[in-house]
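Mind having a look at this structure? Questions to follow.
The values are calculated or read from the model by the stated rules, or taken from the named source; none is laboratory data. Bear in mind that the values here come from a model prediction, so they are computed numbers and not experimental data. Here the Cβ is made from the backbone with ideal geometry for all residues, glycine too, and neighbour counts use every protein chain on show. Ligands, DNA and RNA are excluded from the accessible area calculation, which covers all protein heavy atoms including side chains. Shrake-Rupley method; radii C 1.70, N 1.55, O 1.52, S 1.80 Å.
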Amino acid sequence: MARTTSAPVDAPAIRTPAADAADASGLGRRRALTFVAPALLLIAVFLVLPALWTLYLGLTNYRLTGLEAANPEVVGTANYSSALKDPEFHDALGRTLLFVFGSAVIGQNLLGFALAWSLRSVRRWVRTAVEAVVLVAWILPGAVVAWLWIAFLEDQGGTLNAILHTPGSDWWFDHPMGALIVFNIWRGTAFSMMLFAAALSSVPPSQLEAARLAGASGWRQLRDVVIPSIRGHILTNTLLISLWTFNDFTPYLITKGEPHGASAVLPVYIYLTALPGERLGFASAISLIMLLINLVLALMYVGVLRRRPA
Amino acid sequence: MNRSKRRAAVNAAGVLVFAVSVFPVFWMVSTAFKPNDEIFASTPRPLPGHATFQHFDFVLNGGVAGVGFFTYLRNSVVVALATVVVSGLLALLAATAVARFRFRFRTVFLVMLLTVQMVPAEALVIPLFLDLKRADLLNSLPGLTVVYIGFALPFSIWMLRGFVAAVPKELEEAAWIDGAGPVRTFLKVLLPLVAPGLVATSIFSFITAWNEFIFAYTFLGDQDKYTLPIMLQYFFGRTGNDWGPIMAASTLLTLPVIAFFLLVQRRMVAGLTAGAVKG
């Protein structure tokens, strides 16, 4: 699945009975803190401090080479104000929102739910097989899936053109965002499918049975029984896949932002500005805006988890 | 509507999704074994007519950029294994502390873990690049590894915490009463019971480090230090005609991921969704 950030595996049961008791194996609290210290130090050095440093860098005119590399000057909020006015930044943000809504909020959510819903009743081996291949798409290295999709949609000899008998159609050039959206649905649906499958198994069968006996159609059962009882999971899922899609760098591996930046989503835009473009201060300002959007989504996620009853 | 007809339709849809999902991966393996004239045939066939190892041979024996495949393989393996071992150890210690003791800032620590998991790598590339440059760790595999360890920790601690909490505390108390010291209790009682969780976490951090692209791409400068994903992206032209070697190299890069994945598929499905569902 090739993501550096990843799904939390179990719920933040922040106050468990075990935690309220005195420590069991008699290690003592001081030792408990020494247990946490090395991990805490590394997380601080590589995640927390860089995030704070981004804030500072965004206030400077830091560049990779030249005079400003040796003596960066604080330019105040100039980077932020020019970023907020920059049409390229607006375009990148707009493309990112399109990417997130099209591929995650709508695509992965709906397809993942449809898969989970229909796989309930199929034979076990069909379910295991579908689960396995959908998951494989999710965990393959980005560097590999990028090539697979370049080959699939290529203009000369691309497999899709061979299937559709449309030789010479350059999908990545003519419809970069559409192609990226389809690609990301293919790649990321696994998580939604797994989450919804688990959620559906928690819907009380007696309620479904009652609805069926009352003559509710499949659609009505879905609307009146299933959706209300998994509403929390839909929210959780939407937040997580939006975060991941928002931060996905794989588009760079496929299109490098081409043609002419038409497929540069926000992470790609930051990369292109920072390294080939060498404008570190400006790119840091955009990074910080990206971090803030992430933080809002992450806090919403934590809030959803904490509010839900155990 | 007639029940069996509907069932058939659902099964057919399942088969279709299966086919669409698996197709690119199938095509990768198939192309890797095709000779060039079959790859570039005007109507490509699904399976190789005359399967050949020539592309694997080319990739493995340094046909790509003159640096042997095994150099990149070694770099990738060293970085991923070091990440797994160090982050697994540190995460286990931290998870034990978090699951077993109450201490000040414990809740803050947990919320922090959850929040930093959401931090996107791209947003931190610039400060980390400058940090590593200052520490003289740019363009070095150890430098890359410590960053991977830092990024692997929040998720690993989070995942292991659940496994440690699931071990009945009475077991440790019994060992304690029987006279085992803290180290022995940890090694003989807790560790064996947490082992399955440690395996799952390790595989997860292995796959993440093995697949990672943007840090390796930004931090590593010398060709002989590249990891496999960088090699795969860097040495083949975007419009080149190297499909045989590209797919052969992709297949080789994919093998460990699939192998490890098959080991933990069931656990992963259960584990990844448990938190989001159980609440």
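Compare the Cα positions of B:179, B:215, B:202 along the charge dipole of chain B (+1 at Cβ of Lys, Arg; -1 at Cβ of Asp, Glu; about the Cα centre) and return the one farthest towards the positive end.
B:179
How large, in percent, is the carbon and sulfur part of the accessible surface of chain B at a probe radius of 1.4 Å?
Details: 7810 of 11930 Å².
Exposed carbon and sulfur together represent 65 percent of the surface.
Mind checking the dipole of region B:161-238: about its Cα centre, +1 per Lys or Arg Cβ, -1 per Asp or Glu Cβ, Debye to the nearest 20?
Around 140 debye, computed over region B:161-238.
What's log10 of I(q)/I(0) for region B:1-155 at q = 0.13, 0.18 Å⁻¹, Debye sum over Cα points only, no solvent?
Debye intensities relative to I(0), on a log10 scale: -0.95, -1.10.
How much accessible area per residue does chain B have, in Å², with a 1.4 Å probe?
Details: 11930 Å² over 279 residues.
Ligands and nucleic acids excluded, the figure is 43 Å² per residue.
Right, next: Assign one of three labels to region B:57-274, namely rounded, prolate or oblate, based on the Cα gyration tensor with a ≥ b ≥ c the square roots of its eigenvalues; rounded applies when a/c is under 1.5, prolate when it is not and a/b is larger than b/c, and oblate otherwise.
prolate
Continuing with this model, one more query. Checking an interface number: how much accessible area is buried between B and A, summed over both chains, with a 1.4 Å probe, in Å² rounded to 100?
For B against A, buried area totals roughly 10200 Å².
Let me ask another. Report the far tail of the P(r) of region A:180-310, meaning the percent of Cα-Cα pairs longer than 22 Å.
Value for region A:180-310 (Cα pairs over 22 Å): 55 percent.
A follow-up question, please. What does the charge dipole of region A:92-278 about its Cα centre add up to, to the nearest 20 debye, if the Cβ of each Lys and Arg holds +1 and the Cβ of each Asp and Glu holds -1?
Numbers: 11 positive and 10 negative charges, 190 e Å.
Computed charge dipole of region A:92-278: roughly 920 debye.
Also, I was wondering about something else. Treating cross-link reach as a plain straight distance, find the lysines whose alpha-carbon is under 16 Å from the alpha-carbon of residue B:188, omitting any fewer than eight places away in the same chain.
Cα-Cα hits under 16 Å: B:169.
Obtain the nm distance between the two label points defined at residue B:13 and residue A:121 by a simple spin-label model: each point lies 7 Å from its Cα along the Cα-to-C-beta direction.
Placing both labels 7 Å beyond Cα along the Cβ direction yields 1.0 nm.
OK, next. What are the equivalent ellipsoid semi-axes of region A:159-245, built from the alpha-carbon gyration tensor (square roots of five times its eigenvalues), in whole angstrom, biggest first?
38, 18, 10
Hey, another quick one. Taking only Cα atoms and a 10 Å spring cutoff, compute GNM fluctuations for chain A and point out the largest among A:51, A:190, A:137.
Maximum fluctuation in the GNM of chain A, among the listed residues, is at A:51.
In straight Cα distance, which lysines are under 19 Å from residue B:133, not counting same-chain residues fewer than 8 positions off?
B:225
Have a look at B:14, B:62, B:244 and tell me which one the Gaussian network model of chain B (Cα, springs below 10 Å) gives the largest fluctuation.
B:14
Take the Cβ-Cβ distance between residue B:195 and residue A:162 as r, set R0 to 41 Å, and report the resulting FRET efficiency rounded to the nearest 0.05.
0.25
At a 1.4 Å probe radius, carbon and sulfur cover how many percent of the accessible area of region A:195-310?
Accessible surface attributable to carbon and sulfur in region A:195-310 totals 64 percent.
What are the radius of gyration and Dmax of region B:14-89, computed over its Cα atoms and given in Å?
17.6, 54
Let me ask another. With unit charges on the beta carbon (Lys/Arg positive, Asp/Glu negative), name the residue among A:139, A:208, A:152 whose Cα is farthest towards the positive pole of the charge dipole of region A:126-211.
Farthest towards the positive end: A:208.
How big is region B:1-52 on each of its three principal axes, counting only the C-alpha atoms and giving the largest first in Å?
50, 18, 15
Give me the net charge for the shell around residue A:264: Cβ to Cβ below 13 angstrom, other residues only, Lys and Arg +1, Asp and Glu -1.
Neighbour charge sum, excluding residue A:264 itself: -4.
Another one. If you count, for every residue in B:128-134, the Cβ atoms of partner chains within 10 Å of its Cβ, what is the mean?
Per-residue shielding by partner chains comes out at 4.
Ratio of Rg to Rh for chain A, alpha carbon only, Kirkwood?
On the way: Rg = 23.5 Å, Rh = 22.7 Å.
Rg/Rh: 1.04.
I've got another one for you. How do the peptides B:245-256, A:98-109 rank, highest first, by the average count of neighbouring beta carbon atoms within 10 Å per residue? Provide the component values of the computation, followed by the final result.
Working: B:245-256: 22.4, A:98-109: 20.8.
For the peptides B:245-256, A:98-109, the packing ranking is B:245-256, A:98-109.
Of B:8, B:93, B:50, which is farthest along the charge dipole of region B:7-102 in the positive direction, counting Lys and Arg as +1 and Asp and Glu as -1 at C-beta?
B:93
Just check the protein assembly as shown against the gyration tensor rule for me: Cα atoms, a ≥ b ≥ c as the square roots of the eigenvalues, rounded for a/c under 1.5, and otherwise prolate or oblate depending on whether a/b exceeds b/c. Mind showing how you got there, number by number?
On the way: a/c = 1.43, a/b = 1.09, b/c = 1.31.
Here the protein assembly as shown falls in the rounded category.
Another question, if that's okay. So what's the net charge close to residue A:167: Lys and Arg +1, Asp and Glu -1, counting the other residues with Cβ under 12 Å from its Cβ?
That works out to -3.
Leaving out ligands and nucleic acids, and using a 1.4 Å probe, what accessible area per residue does region A:220-310 come to in Å²?
Ligands and nucleic acids excluded, the result is 35 Å² per residue.
If you don't mind, another one. Give me, ordered by chain and number, the residues 5 or more places off residue A:60 or on other chains with an amide H under 5 Å from its own placed amide H.
Excluding prolines and chain starts, which carry no amide H, the hits are A:75.
Taking the Cα centre of the protein assembly as shown as origin and charging only Cβ (+1 Lys, Arg; -1 Asp, Glu), how large is the dipole, in debye to the nearest 20?
2480 debye
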